[in-house]
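For reference, the structure discussed in these notes is given below.
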Amino acid sequence: MKQETSPRQAVKADFPWWLVVATAIAIALGLAILFNPLYGQVFSTVAQGIWITVWVSLVAFFLASILGLVLAIMSRSEYIAVRQIARFYVEIMRGVPLLVLLFYIAFVGAPATVYFWNFITQPLQNAGILEPLLVRDFSLLWRAIIALVLAYSAFLAEIFRAGIQSVDAGQIEAAKSLGLRRFPRFRLIVMPQATRTILPPYGNDFIAMVKDSSLVSVLGVVDITQMGKVYASGSFRFFETYSVVAYIYLILTISLSLLLRWVERRLDQRNRY
């Protein structure tokens with residue numbers, strides 16, 4: 001007969017040994033950066049791109065979340081045309097590799113946007129009210145952010161849609177019977193319950209966004225990866241440089257992962273009591 005495991009034994013069996021090992025490695029690399037002049041120099045150079053990486057990730061994920069939520073709501077619309085538009089967008093964007101999308105937005109979408117803007121504002125330009133917009137005026141940083149937003153909004157739309165669909169239909173009907181309109185019903189009934197389903201994959205996509213933000217370096221955006229590439233190509237210290245780059249990304253992503261797990265536990269405790 002199988003013996004039941006007590007809560008204390010379950011916690012002990014699930015002790016995060018991986019975190020102990022990861023912390024030990026992080027401390028060892030941190031000491032190397034602190035006391036080894038070479039690693040210290042690499043870190044001081046690469047760290048200049050941390051702010052760009054964090055800023056790109058936060059802005060792109062925030063905008064992608066808004067667009068993804070709009071798409072999820074559109075996919076639940078009572079109008080078939082609206083549903084089909086949302087489905088078309090999601091399927092197309094999920095099918096294009098992110099690197100290809102970055103190049104497309106940067107070197108096709110941006111020039112096309114500039115051309116279209118100049119075309120519709122031609123009378124104002126002729127009157128001297130507006131200056132012609134040049135392609136170089138369209139920041140590479142924002143081209144990269146737009147590409148990340150377009151790509152991740154499709155994945156987030158599916159996460160939001162799954163969370164909304166997980167809410168019991170009976171509760172929505174009960175809210176309707178109480179006279180709640182669509183937006184209050186969505187805000188007070190649907191989203192608080194959908195959050196429990198949405199949060200784990202939503203957090204995973206945020207961590208993936210931080211990692212995929214390294215792709216913006218192909219456009220010359222001075223993030224962590226780009227600073228590492230510049231330093232390594234000039235010093236030929238590839239092992240030291242990319243060890244530090246990986247170290248910084250791991251610090252960012254593991255910290256985010258632990259924070260998200262803490263938030264999940266807090267929500268579980270709140271729902272339990």
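The values are calculated or read from the model by the stated rules, or taken from the named source; none is laboratory data. Computed from a prediction, not measured in an experiment: that's the story for all the values here. Methodologically, a virtual Cβ is constructed for each residue, glycine included, from the backbone with ideal geometry; neighbour enumeration extends over all protein chains shown. All accessible areas refer to the heavy atoms of the entire protein, side chains included, with ligands and DNA or RNA removed. Shrake-Rupley method; radii C 1.70, N 1.55, O 1.52, S 1.80 Å.
Results, tabulated for the structure shown:
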{"quantity": "Residue check for Lys176: open to solvent by 70 Å² or more (accessible area, probe 1.4 Å), touching a residue at least 24 places away in the same chain (Cβ under 8 Å) and not hydrophobic (A, V, I, L, M, F, W, C)", "calculated": "no"}
{"quantity": "Filtered residues of region 236-246 (kept if surrounded by fewer than 19 Cβ atoms within 10 Å (Cβ to Cβ) and within 29 Å of Arg143 (Cα to Cα))", "calculated": "Phe238, Tyr242, Ser243, Ala246"}
{"quantity": "Residues of region 185-205 satisfying the condition of being open to solvent by 40 Å² or more (accessible area, probe 1.4 Å) and of a type outside the set (Val, Ile, Thr)", "calculated": "Phe186, Arg187, Leu188, Met191, Pro192, Gln193, Arg196, Pro200, Pro201, Tyr202, Asn204"}
{"quantity": "Every residue from region 93-107 that is closer than 16 Å to Ala151 by Cα and either open to solvent by 80 Å² or more (accessible area, probe 1.4 Å) or without any contact (Cβ under 8 Å) to a residue 60 or more places away in the chain (or both)", "calculated": "Arg94, Gly95, Val96, Pro97, Val100, Leu101, Phe103, Tyr104, Ile105"}
{"quantity": "Residue satisfying all of: in region 146-173; among the aliphatic types (A, V, I, L, M) and modelled with pLDDT under 75; least open to solvent (accessible area, probe 1.4 Å) among these", "calculated": "Ile172"}
{"quantity": "Residue in region 213-235 that is over 30 Å from Arg136 (Cβ atoms), out of contact with any strand residue (DSSP E or B) (no Cβ under 9 Å at 6 or more places or on another chain) and either open to solvent by 50 Å² or more (accessible area, probe 1.4 Å) or not hydroxyl-bearing (Ser, Thr, Tyr) (or both) present", "calculated": "no"}
{"quantity": "Residue check for Tyr115: aromatic (Phe, Trp, Tyr) and surrounded by 15 or more Cβ atoms within 10 Å (Cβ to Cβ)", "calculated": "no"}
{"quantity": "Qualifying positions in region 66-85 - part of a helix (DSSP H, G or I) and in contact with a helix residue (DSSP H, G or I) (Cβ under 6 Å, 6 or more places away or on another chain)", "calculated": "Leu67, Gly68, Leu69, Leu71, Ala72, Met74, Ser75, Val82, Arg83"}
{"quantity": "Checking Leu69 against (1) exposed (fewer than 14 other Cβ atoms within 10 Å of the Cβ); (2) touching a residue at least 12 places away in the same chain (Cβ under 8 Å), the condition it does not meet", "calculated": "(1)"}
{"quantity": "Residue list for region 120-145, filter: open to solvent by 60 Å² or more (accessible area, probe 1.4 Å) and touching a residue at least 60 places away in the same chain (Cβ under 8 Å)", "calculated": "Leu140"}
